[in-house]
Amino acid sequence: MDHTNRSVSPRAPRRLGRRDLLKLGAAGATGLAGAALSGSLPGRLVQAENQPAAGTHSGHKASFPGAGLHMPQPGGGYGPDGPLGMNPNRFLRDFYWGGVFGRENGRTVRTYRMIASERNVEVAPGLMMAAWLYNHQMPGPTIRANEGDLLRIEFINASSHPHTVHFHGIHPANMDGVLEPVLPGDTYTYEFIARPFGVHLYHCHVMPLDKHIAKGLFGMFIVDPPGGWPRADHELVMVMHGLDVDSDGENELYAVNGVAFYHRDFPIPVRVGETIRLFLGNMTEFDLLNSFHLHGDMFRYYPTGTRPDQYFYSDTVMQCQGERGILEFSFSHPGMFMFHAHQTEFTQLGWVGFFDVKES
Amino acid sequence: MPNSVGQAEGLVSPEWPPGLSLSTSFFRETLFLLANWVASQGLKEWRDVSTKPRPMGGSSGVQELLPAAAPARPWSLVMLAVLPLLLLGALVAILVNRGLGPLPVPGLPLDELTVERVFFGPDQTVALRLRNTGPEAVTVNTVIVNGAVWEFTQAPAGPIPRLRSAILTLPYPWVEGEPYAFELITANAVKFAHEVGAAVETPGVTPSTLGRLALLGVYVGVIPVYLGLVWYPFLRGLKHRWYHALLAFTAGLLVFLGVDAVKEGMELALAAPGALKVVPVFVAALLGAVLSLIGLSRWLQGDASRDTEQGRLGLAYLIAAGIGLHNLGEGLAIGSAYAVGEIAVGALLVIGFTIHNTTEGPAIVAPVAHDRVSLTQLLWLGLLGGGPTVLGAWIGGYAFSSLLATAFFGIGAGAIIQVLAELYRLLSGQRPGELVSGLNLAGFIAGIAVMYLTGLAVTG
């Protein structure tokens with residue numbers, strides 16, 4: 001140990017001199033300047049350069065000046081030939097009539113194949129949702145038949161949860177799709193006679209019901225009356241539903257036919273005077289009601305399509321979940337006509353579209 | 001190339017390090033050769049050093065646990081230091097490349113976003129500053145304002161890297177005073193919500209808002225402290241016992257302030273997102289303040305005893321500094337509350353703060369009550385104690401961040417703790433047994449009580 005003798009004299013106390021103040025001041029000023037330059041002052045913010053987010057869509061996106069619509073512009077990656085087979089434009093007019101293989105007991109036999117699978121689908125530009133699908137599409141394929149046909153729907157469960165297909169209509173109890181859950185890997189063939197004529201729905205009926213439906217296992221089932229429906233220039237299918245992208249039990253977005261805001265970005269082209277028959281159904285989970293409101297014209301609404309002589313004439317129709325009907329209308333004027341839910345909160349969250357009516 | 005350790009040959013493969021974008025293969029080759037050479041040298045040293053026979057003779061128990069003394073060459077020490085780093089780097093490279101192997105990795109999205117601030121600008125502009133406080137990069141897909149999907153532009157565009165921030169600008173027609181609920185949905189379908197109780201135009205850096213915030217700081221901090229200093233002549237007339245009781249009163253007041261600073265700082269720190277590690281910052285700021293102030297006062301004062309005229313003046317300045325730092329934190333809180341419209345800056349609030357902070361004036365001059373102090377010194381003391389409130393109001397109004405505010409509260413609490421230690425030393429210079437005299441105890445409790453009661457008047 002060091003034992004050198006050192007006289008221990010107290011150091012004279014040091015006064016805070018000018019130099020020290022200057023040093024402290026300079027240090028403080030540098031700190032503040034650094035904080036300011038790090039971009040945290042809002043003054044810089046308001047004049048900040050607006051850099052567009054990923055990709056701007058050009059082409060056939062209509063602009064709506066004065067309409068006050070500040071809704072996101074679609075980015076790249078989805079559209080008529082979007083990834084993962086979500087093609088609402090194609091779904092609009094796509095009818096699955098099934099394979100016809102002769103007749104049995106005087107009835108046409110139609111066979112269909114439905115496969116349940118799990119997939120991520122793009123429900124808004126850049127937004128993926130983990131979905132359960134019939135035939136890799138949401139909504140499932142629109143099954144169509146004539147009244148009286150014998151239908152055989154072969155249901156294959158290629159997913160990891162049990163599913164069924166429950167049809168709205170008149171059929172035996174063991175073809176109801178409720179008490180016979182189809183386990184993963186199994187097959188079940190639903191066989192029944194298509195009746196009554198009208199527009200119906202089908203969906204999965206395994207508990208928890210709301211989750212199975214919300215994740216995409218639903219579709220339309222149309223039964224044509226004898227002789228078919230009266231002639232129409234356009235026959236469109238729209239299924240209203242919600243998008244619970246994070247599976248928290250409430251819908252973040254809303255849509256028809258799978259993709260939010262789709263027909264706002266890709267309006268449906270029709271012509272003045274053409275008759276449009278719209279098969280409309282509601283499979284919105286978690287919200288009690290949905291509705292359809294048409295701009296610029298009025299429609300005849302046939303509830304469930306089962307009574308062609310009973311309709312009401314309006315521009316707004318409300319549907320509870322599971323309700324469906326046929327709307328028939330034509331446009332008297334050209335231009336862009338919006339259609340959307342009249343629950344405006346659904347409109348603001350994706351359930352909105354346009355008819356692009358051209359001159360005839 | 002030295003190749004004395006056969007089994008080390010396969011240690012560093014030519015593909016290492018992956019993930020680095022090395023533009024030329026020459027650079028990569030050189031790096032590989034260098035790494036291999038360092039590794040082999042290090043392994044050689046490691047083997048030599050750990051297997052070298054121990055020195056004979058008695059050595060202390062601790063010596064036996066340590067490896068034998070390394071050879072005198074300095075660069076071999078570097079090899080030994082670098083070798084474990086190389087091994088770590090190789091392990092990280094393997095993990096990055098091959099994943100965790102047999103361990104299952106759940107496919108959950110780990111997005112986490114924090115909305116740090118919402119700016120309401122003129123011309124119907126709303127901006128949100130976001131920070132990615134999660135482990136992965138986050139892409140914001142949809143912004144929903146009060147139940148409506150709204151278009152936005154993001155600067156900088158693209159995925160937000162970890163711990164970075166981005167500003168979303170929305171052309172939204174906001175209404176003054178109305179509440180807004182924001183929902184952000186990321187590309188992984190994870191939802192984040194943020195609410196603003198009442199929209200208020202965010203103050204820009206204009207002379208009028210600068211002045212308004214400064215005025216707030218003056219009302220709440222500067223005027224009360226100077227008002228308290230008016231008690232100085234009264235303090236000078238106090239007898240010895242009462243003077244010590246006054247010091248005890250100061251100590252009680254400072255204890256209250258210190259606890260308050262710790263509470264405010266911890267509240268902020270606990271509410272902040274975990275990724276920013278705000279709680280450790282708070283503790284570090286507190287301890288750092290204590291230690292640096294101890295060092296500062298030693299440096300300023302040398303080894304002189306605190307109980308000299310110079311020493312007591314130094315203590316007064318320290319108390320002023322501690323109170324000033326606490327007032328800086330208060331100014332931060334008030335300024336940021338004012339900027340986001342959370343505060344009803346009415347006369348009642350200002351009165352409350354004035355009463356609450358006036359008692360800080362006597363606390364500052366208490367040590368020098370028996371000394372001659374010039375008016376200039378008093379003015380400086382008051383400025384040091386009250387002035388930082390203005391600074392805090394400016395920072396809080398314009399650039400509030402919970403990290404910054406927590407740090408300031410930590411520093412303030414640390415300063416107060418250090419000042420309390422100094423006060424204790426000053427008080428304990430009395431005759432033994434008198435430190436905890438009845439009068440001193442009463443003074444201490446009175447200090448806490450006065451702060452508590454006047455604090456009730458602060459309605460904000």
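The values are calculated or read from the model by the stated rules, or taken from the named source; none is laboratory data. All values derive from a computational prediction rather than experimental measurement. Here Cβ is always computed from backbone atoms with ideal geometry, including for glycine, and neighbour counts include all displayed protein chains. Please note that ligands, DNA and RNA were not included when accessible areas were found on the heavy atoms of the full protein model with its side chains. Shrake-Rupley method; radii C 1.70, N 1.55, O 1.52, S 1.80 Å.
Worth pointing out:
- Annotation note: Cβ proximity below 9 Å between a residue of region B:189-208 that is within 10 Å of chain A (Cβ to nearest Cβ) and a residue that is of a type in the set (S, T, N, Q) (sequence gap 6+ or interchain) occurs for B:ALA189/A:SER247; B:ALA189/B:ASN141; B:PRO203/B:THR209.
- Residue satisfying condition, being under 24 Å from the mean Cα position of the chain (by Cα), open to solvent by less than 70 Å² (accessible area, probe 1.4 Å), touching a residue at least 24 places away in the same chain (Cβ under 8 Å) and on the phi < 0 side of the Ramachandran plot, within set B:LEU238, B:LEU257: B:LEU257
- For region B:367-380, the count of residues that are in contact (Cβ under 8 Å) with a residue 12 or more places away in the chain, part of a helix (DSSP H, G or I) and open to solvent by less than 20 Å² (accessible area, probe 1.4 Å) is zero.
- Listing of strands (runs of 3 or more DSSP E) fully contained in region A:141-225 that carry 3 or more residues being free of Cβ contacts under 8 Å to residues at least 40 places away in the same chain: A:187-193
- Region B:113-141 - residue that is more than 10 Å from chain A (Cβ to nearest Cβ), over 24 Å from the mean Cα position of the chain (by Cα) and open to solvent by less than 20 Å² (accessible area, probe 1.4 Å) and, of those, farthest from B:ALA339 (Cα to Cα): B:VAL138
- Residue within region B:299-314 that is touching a Lys or Arg at 6+ places or on another chain (Cβ under 7 Å), surrounded by fewer than 24 Cβ atoms within 10 Å (Cβ to Cβ) and among the small types (Gly, Ala, Ser) present: yes
- Selection count where residues are exposed (fewer than 15 other Cβ atoms within 10 Å of the Cβ) and either under 17 Å from B:ALA137 (Cβ atoms) or of a type in the set (Lys, Arg) (or both), scope region B:163-175: 2
- With respect to the conditions (1) open to solvent by less than 10 Å² (accessible area, probe 1.4 Å); (2) within 32 Å of the chain's Cα centre (by Cα); (3) not hydroxyl-bearing (Ser, Thr, Tyr), B:VAL196 falls short on a single one, namely (1).
- Looking only at region A:336-355, and only at residues there that are of a type in the set (A, V, I, L, M) and away from every other protein chain (no Cβ under 14 Å), the one that is least open to solvent (accessible area, probe 1.4 Å): A:MET338
- Residue match in region A:259-268 (condition: under 24 Å from A:GLY335 (Cβ atoms), of a type outside the set (Asp, Glu), assigned to a loop (DSSP other than H, G, I, E, B) and touching a Phe, Trp or Tyr at 6+ places or on another chain (Cβ under 6 Å)): yes
- Single match in A:SER332, A:SER360 (criterion: out of contact with any strand residue (DSSP E or B) (no Cβ under 6 Å at 6 or more places or on another chain), more than 14 Å from chain B (Cβ to nearest Cβ) and of a type in the set (S, T, N, Q)): A:SER332
- Screening B:SER428 on (1) away from chain A (no Cβ under 14 Å); (2) surrounded by 15 or more Cβ atoms within 10 Å (Cβ to Cβ) shows it passes everything except condition (2).
- The residue that is farthest from A:ASP224 (Cα to Cα), counting only those in region A:288-335 that are in contact (Cβ under 8 Å) with a residue 40 or more places away in the chain and open to solvent by 70 Å² or more (accessible area, probe 1.4 Å), is A:HIS333.
- Members of region B:155-179 found to be within 27 Å of B:PRO109 (Cα to Cα) and either more than 8 Å from every other protein chain (Cβ to nearest Cβ) or in a loop (DSSP other than H, G, I, E, B) (or both), listed by number: B:PRO156, B:ALA157, B:GLY158, B:PRO159, B:ILE160, B:PRO161, B:ARG162, B:LEU163, B:ARG164, B:SER165, B:ALA166, B:LEU168
- Close pairs from region A:251-276: first within 17 Å of A:THR347 (Cβ to Cβ) and within 14 Å of another protein chain (Cβ to nearest Cβ), partner among the hydroxyl-bearing types (Ser, Thr, Tyr) and not in a loop (DSSP other than H, G, I, E, B), Cβ under 9 Å, at least 6 apart: A:GLU252/B:THR142; A:LEU253/B:THR142; A:TYR254/A:THR347; A:ALA255/A:TYR262; A:ALA260/A:TYR254; A:ALA260/B:THR142
- Subset of region B:73-86 (residues that are touching a residue at least 12 places away in the same chain (Cβ under 8 Å) and under 35 Å from the mean Cα position of the chain (by Cα)): B:VAL82, B:LEU86
- Some residue of region B:222-230 being at negative phi, surrounded by 18 or more Cβ atoms within 10 Å (Cβ to Cβ) and under 23 Å from the mean Cα position of the chain (by Cα): no
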